[in-house]
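Presented below is the structure to which this report refers.
The values are calculated or read from the model by the stated rules, or taken from the named source; none is laboratory data. Not measured: the values here are computed from a predicted model. Note that we place each Cβ from the backbone using ideal geometry, even for glycine, and neighbour counts take in every protein chain shown. We work out accessible area using only protein heavy atoms, side chains counted, and drop any ligands, DNA or RNA first. Shrake-Rupley method; radii C 1.70, N 1.55, O 1.52, S 1.80 Å.
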Amino acid sequence: MTDQAVGGEHLPPETADGPATAAPGQRAAGFRQDGGTARPLVPTAVTAPSATGFAGRRRELKALHADIARAGLDTLSGRKGARSRVLLIAGRPGSGRTALAEELLRELADHHPDGVLRATLTGPGGEPADLGRAARDLLAVLGVDAPPGAAEDELTELLRGALAGRRALLFLDDARGAEQVEPLLPDAPDCLVVVVSQGPLTGIPDVRPCALGGLDSVACVEILSRYAGPIRITVDPRTADSVAEECGGQPAALVLAGAWLAARPKSSVADLLQALHAVPLPPDLPTGARPLFRAFRLAYEALPAPAARILRLITLAPAGLVDAHIASALAGCSVAAAATTLGDFAALGLLRPAATEADGAPVASTPDPALRPQYQLPGCLDPLARELLREHERPADVQLARARMLERTVRLLQSCRAMGEPADSPARQKVAGLPRSLRFSSRGAAAHWLRSRRGALLDAARIAVADGELDTLDRRLMAALTRTLLAHQGPEAAAPDLYALHGLVLQVAERRGLPREKAAALLNLADLDGQAGRTAQALTRYRGALEAARSVQDPVATGRALESLGGTYTELGDWQRAADWYGRALELRLARDEGGDAARLHGRIGGAHTYAGRWGEALKAWRAAVGTYRRIGDVAGQARATGEVARVQEYAGRPEDALRTCLEALDIARKAGDGRLEAALQLRIADTLERLGDPAAARLHRAVGERLLEDHSK
């Protein structure tokens with residue numbers, strides 16, 4: 001997680017480091033101390049600092065530019081190295097490391113026409129990010145498709161290849177160490193990699209480190225002045241210096257302290273210093289962590305109880321992203337109250353607006369009620385807020401909050417999916433009866449919500465599955481998310497996310513002993529494995545699905561597994577095994593009197609024998625297909641199967657029989673009204689006649705076939 005919101009020196013109103021602008025008269029009512037909704041947490045007169053700029057760190061920024069200009073160890077010979085160069089900005093969370101990196105990227109952007117790519121390598125809660133997922137997301141930004149279910153090393157290799165030859169900036173934020181950075185480094189000397197980390201990147205050669213300490217007193221006072229206004233700082237400069245010292249020169253602590261003072265126009269800088277001193281410290285807290293702890297606890301203790309609870313609970317938000325819907329569901333309050341409170345948190349430096357855009361416009365600017373602005377808890381504050389959650393919330397209450405959040409997410413997904421259907425569909429009519437806050441104004445708005453929340457929605461499913469006690473809700477969530485992705489993206493674009501969801505469904509099915517769900521998940525995963533070329537893995541999963549389906553006598557899943565095994569062996573060119581598995585599937589279809597599927601399987605068996613050169617068995621299977629199609633009244637199917645009989649006869653060296661059968665197929669195709677099939681048969685008859693030594697008749701049939709083909713291609 002980044003710490004830019006309160007850990008940097010950027011202070012424009014629209015960035016994460018400044019309080020959110022609160023226009024007087026436009027803010028909904030917030031929480032009162034007694035739990036009501038009569039007043040906001042922050043006076044409406046308090047707004048974000050109006051000046052934009054970058055406080056302090058000019059020396060470090062200059063040094064970073066000098067490192068870029070200086071030749072590296074692998075370029076002393078005058079030739080470019082094989083890999084991208086790496087700049088490291090090292091510092092503890094809250095030191096402004098992310099803000100410094102963003103300022104550097106802003107200044108370098110014009111020299112890198114292929115843009116800036118960003119990945120955060122630490123997730124909410126401090127766990128290392130999934131490198132495969134990070135690589136896939138970066139590939140998506142580059143417009144490169146990656147196969148669903150691809151392994152981490154395959155994805156990182158694809159990323160390195162996609163960056164080769166480009167001139168781009170790769171920003172890896174909050175890296176835990178070299179083992180996270182190394183796989184993502186592109187073999188592209190014209191790319192530059194900027195890494196933010198707490199420590200060194202041991203093992204990566206020629207890393208240029210820039211270690212951050214505290215800001216100087218001038219920069220500290222500048223931050224305080226931007227939040228609290230210059231007057232109170234100017235009249236008491238010594239106390240302002242003492243506040244800066246109490247904050248350890250850490251931008252994160254200074255922003256929280258400045259925002260606290262800004263929200264209290266009648267308080268002095270001395271009051272701020274006294275309040276910071278009054279915050280009790282845990283006995284085992286390291287010295288370097290004390291300034292941020294004090295500033296955070298000062299801001300937290302000033303919150304009304306309902307708002308304080310929201311701040312604790314938003315640590316449960318999937319992917320660390322929270323909007324009014326998530327906060328409302330977690331805390332059990334209204335969406336309007338949650339929206340106001342989140343805005344107040346941003347003004348107090350406790351949250352930062354997420355950098356999510358919709359078609360080039362910030363999400364916050366859209367009038368759609370379901371598209372609420374998203375916020376993030378800065379990485380440096382996340383462990384402090386999680387500790388409060390452990391201190392004040394019972395496990396049962398946390399579980400209930402998660403359940404409410406998942407239920408709200410399911411309802412939003414259902415609403416989003418409905419917008420992908422026709423206006424007069426039952427689903428759209430049902431959604432019209434939902435509260436306005438749960439509805440989307442258009443299909444485009446719903447699609448944007450899905451795109452902008454995609455990572456959080458997938459994380460919500462993972463969290464629910466990992467919880468282990470919410471399996472009813474997580475199954476509903478995964479089903480709703482799967483249907484919504486298919487409705488708005490289609491099976492091909494949604495395949496990577498669907499692969500992850502099917503894997504989660506399988507995990508729950510195995511844990512809960514649900515063989516039907518297990519069979520379905522294995523079939524879906526095997527299909528995607530097969531499409532990605534992982535044939536051995538697909539075979540293993542199809543067999544597992546067959547076993548699970550048979551254990552509960554599920555004929556649909558059993559038939560699909562049997563047929564899929566036949567199809568996979570067909571792909572491998574193992575015609576005997578393909579025919580055997582198709583034969584088992586055929587037995588099941590015949591036992592259930594499913595004529596259409598039986599006819600199709602007769603044809604697949606015939607095709608396998610044809611490829612294997614077993615003409616007699618192929619003819620037997622195709623004739624069985626003809627008979628089955630005739631019995632069920634499928635004239636077009638009968639014509640196609642009869643044509644295949646003719647093809648096998650020709651392969652077997654019986655051209656006269658092939659000609660007679662092909663003419664029979666032509667007559668049936670005419671009855672079926674299948675012009676394209678009729679054209680194809682005419683051309684095949686022409687080829688056969690030429691081989692039989694009758695060129696005149698061949699020309700006649702070819703002319704008819706070409707005319708039919710032209711007529712039916714328009």
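Could you please let me know if Asp634 is under 44 Å from the mean Cα position of the chain (by Cα), acidic (Asp, Glu) and over 30 Å from Arg534 (Cβ atoms)? Even if it seems obvious, please write down each step before you answer.
Values: under 44 Å from the mean Cα position of the chain (by Cα): no; acidic (Asp, Glu): yes; over 30 Å from Arg534 (Cβ atoms): yes.
No.
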Residue count, the stretch 102-126 (criterion: within 27 Å of Ile463 (Cα to Cα) and either in contact with a Ser or Thr (Cβ under 8 Å, 6 or more places away or on another chain) or not in a strand (DSSP E or B) (or both)): 6
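Please find, within the stretch 633-644, the residue that is nearest to Asp597 (Cα to Cα) out of those that are of a type outside the set (S, T, N, Q) and open to solvent by less than 10 Å² (accessible area, probe 1.4 Å).
Of everything passing the filter in the stretch 633-644, Gly637 is nearest to Asp597 (Cα to Cα).
Could you check how many residues of the stretch 611-651 are closer than 22 Å to Lys671 by Cβ and assigned to a helix (DSSP H, G or I)? Before you say what the answer is, go through the steps one by one.
Going through the stretch 611-651, the residues closer than 22 Å to Lys671 by Cβ turn out to be 622-647, 649.
Now drop any that are not assigned to a helix (DSSP H, G or I), which leaves 622-632, 635-647, 649.
Looking only at that region, the number is 25.
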The stretch 667-682, residues that are surrounded by fewer than 22 Cβ atoms within 10 Å (Cβ to Cβ) and either in contact with a Lys or Arg (Cβ under 6 Å, 6 or more places away or on another chain) or within 18 Å of Tyr629 (Cα to Cα) (or both): Asp667, Arg670, Lys671, Ala672, Gly673, Asp674, Leu677
Of all residues in the stretch 293-329, count the ones that are more than 16 Å from Pro373 (Cα to Cα) and among the small types (Gly, Ala, Ser). 6
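Quick one: is Ala99 assigned to a helix (DSSP H, G or I) and free of Cβ contacts under 8 Å to residues at least 12 places away in the same chain? Please lay out each step first, then the result.
Details: assigned to a helix (DSSP H, G or I): yes; free of Cβ contacts under 8 Å to residues at least 12 places away in the same chain: no.
Criteria not met by Ala99.
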Selection from the stretch 454-488 of residues that are farther than 28 Å from Pro422 by Cβ, among the hydrophobic types (A, V, I, L, M, F, W, C) and surrounded by fewer than 18 Cβ atoms within 10 Å (Cβ to Cβ): Ala466
Single residue of Arg699, Arg660, Arg623, Arg691 found to be open to solvent by 80 Å² or more (accessible area, probe 1.4 Å), within 30 Å of Glu587 (Cβ to Cβ) and more than 47 Å from the chain's Cα centre (by Cα): Arg623
Given the criteria outside any helix (DSSP H, G or I) and either of a type in the set (D, E, K, R) or open to solvent by 60 Å² or more (accessible area, probe 1.4 Å) (or both), does Glu421 qualify? yes
Sort out which residues of the stretch 528-581 are surrounded by fewer than 23 Cβ atoms within 10 Å (Cβ to Cβ) and among the aromatic types (Phe, Trp, Tyr), and write them in order of number. Tyr569, Trp575
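Is it the case, given these coordinates, that Val465 is modelled with pLDDT under 95 and over 21 Å from Ala319 (Cβ atoms)? Even if it seems obvious, please write down each step before you answer.
On the way: modelled with pLDDT under 95: yes; over 21 Å from Ala319 (Cβ atoms): no.
So Val465 does not fit the description; no.
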Positions within the stretch 266-288 being out of contact with any helix residue (DSSP H, G or I) (no Cβ under 9 Å at 6 or more places or on another chain) and of a type outside the set (Ser, Thr, Tyr), in sequence order: Lys266, Gln274, Pro283, Asp284, Pro286, Gly288
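For Gly177, state whether it is surrounded by fewer than 15 Cβ atoms within 10 Å (Cβ to Cβ) and over 12 Å from Ser84 (Cα atoms).
Taking the combined requirement at face value, the residue does not satisfy it.
Would you point out which residue out of Ala336, Ala331 is over 13 Å from Gln376 (Cα atoms) and open to solvent by less than 30 Å² (accessible area, probe 1.4 Å)?
Numbers: Ala336 fails: open to solvent by less than 30 Å² (accessible area, probe 1.4 Å).
Of the residues listed, the single one that is over 13 Å from Gln376 (Cα atoms) and open to solvent by less than 30 Å² (accessible area, probe 1.4 Å) is Ala331.
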Given (1) open to solvent by less than 70 Å² (accessible area, probe 1.4 Å); (2) farther than 30 Å from Gln507 by Cα, Ser441 misses just (1)
Going through Arg589, Arg584 one at a time, which residue ends up being open to solvent by 40 Å² or more (accessible area, probe 1.4 Å), among the basic types (Lys, Arg), in a helix (DSSP H, G or I) and at pLDDT 95 or above? Arg584
Which residue, of Asp74, Asp67, is under 30 Å from Val218 (Cα atoms), among the acidic types (Asp, Glu) and either open to solvent by 50 Å² or more (accessible area, probe 1.4 Å) or at pLDDT below 90 (or both)? Asp67
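Restricting attention to helices (runs of 4 or more DSSP H) lying wholly within the stretch 235-336, give those where 3 or more residues are closer than 30 Å to Ser415 by Cα and in contact (Cβ under 8 Å) with a residue 40 or more places away in the chain. Show your work before the answer.
Working: elements: 237-246, 251-262, 269-278, 290-301, 305-313, 324-331.
In the stretch 235-336, the matching helices (runs of 4 or more DSSP H) lie at 305-313, 324-331.
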Residue count, the stretch 153-176 (criterion: part of a helix (DSSP H, G or I), under 19 Å from the mean Cα position of the chain (by Cα) and of a type in the set (A, V, I, L, M)): 3
Please enumerate the residues belonging to the stretch 455-513 that are among the β-branched types (Val, Ile, Thr) and in contact with a helix residue (DSSP H, G or I) (Cβ under 8 Å, 6 or more places away or on another chain). Ile463, Val465, Thr482, Thr484, Val505, Val508
Looking only at the stretch 214-234, count how many residues are open to solvent by 60 Å² or more (accessible area, probe 1.4 Å) and in contact (Cβ under 8 Å) with a residue 12 or more places away in the chain. 4
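Just checking, does the stretch 202-213 include any residue being in a strand (DSSP E or B), among the small types (Gly, Ala, Ser), open to solvent by less than 10 Å² (accessible area, probe 1.4 Å) and in contact (Cβ under 8 Å) with a residue 60 or more places away in the chain?
Filtering the stretch 202-213 down to residues in a strand (DSSP E or B) leaves 207-211.
From what is left, the residues that are among the small types (Gly, Ala, Ser) are 211.
Applying the additional criterion that residues be open to solvent by less than 10 Å² (accessible area, probe 1.4 Å) yields none.
The answer is no; no qualifying residue exists.
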Kindly evaluate Asp187 against the criterion of being part of a loop (DSSP other than H, G, I, E, B), open to solvent by 60 Å² or more (accessible area, probe 1.4 Å) and either closer than 19 Å to Glu103 by Cβ or free of Cβ contacts under 8 Å to residues at least 12 places away in the same chain (or both). no
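Which one of these is crowded, with 18+ Cβ neighbours inside 10 Å and of a type outside the set (D, E, K, R): Pro496, Pro491?
On the way: Pro491 fails: crowded, with 18+ Cβ neighbours inside 10 Å.
None of the others qualify; the one that does is Pro496.
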Cross-chain or 6+ apart pairs with Cβ under 7 Å, the stretch 370-394 first and open to solvent by 50 Å² or more (accessible area, probe 1.4 Å), then hydrophobic (A, V, I, L, M, F, W, C) and in a helix (DSSP H, G or I): Arg372/Ala324; Arg372/Ala339
